[in-house]
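Just below is one structure, and these are the notes that go with it.
The values are calculated or read from the model by the stated rules, or taken from the named source; none is laboratory data. Computed from a predicted model, the values in this text were never measured in an experiment. These accessible areas exclude ligands, DNA and RNA; they are computed on the full protein's heavy atoms, side chains included. Shrake-Rupley method; radii C 1.70, N 1.55, O 1.52, S 1.80 Å.
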Amino acid sequence: MPCKRFICTLVAGGMMISLSALADTPDATRQQQLLHLLKQDCGSCHGMTLQGGLGPDLLAPRMAQLPREFLIATIAKGRPGTPMPPWENLLSAGDIAWLADQLQQGVR
Ligand code: HEC
């Protein structure tokens, strides 16, 4: 059934594209949105300049000491039992990885 196989290929192909999009580096526009979110939303708990507030500071000297995967997991899943909320419903895996990199490198 060539017709069915064609549809199957389309579906599988579409899934591969959306899966790879998950880990894509955000484009310039998205990066600006994420930096805004970092200041406004993350900043509401971690301080506008990320120097700490309700949550701990997120400054590069300390962030660089922590494993990248640990930061990604914290941002994606939050910390149950603390005010740190999960962000995986609002941000893509690529967004979260990019934010973790910004924290470790120091946000410009
Ligand atoms: C409602 C307040 C709140 C918001 C909003 C918030 N956080 Fe947090 N965050 C916390 C708290 C509180 C902790 C400390 C949790 C604990 O005690 O382990 C934390 C912990 C963290 C940690 C781990 C730090 C460490 O030293 O282990 C990271 C990374 C982090 N937050 C990133 C973010 C990012 C990025 C955002 C925005 C996308 C964000 N947070 C938004 C409250 C918040």
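Odds and ends about this structure:
- Largest to smallest principal axis extent of the C-alpha atoms in the stretch 24-105, angstrom: 30, 24, 23
- Accessible area (Å², 1.4 Å probe, nearest 10) - T49: 100 Å²
- Among the protein heavy atoms of the stretch 18-108, carbon and sulfur supply 60% of the accessible surface, probe 1.4 Å, non-protein parts ignored.
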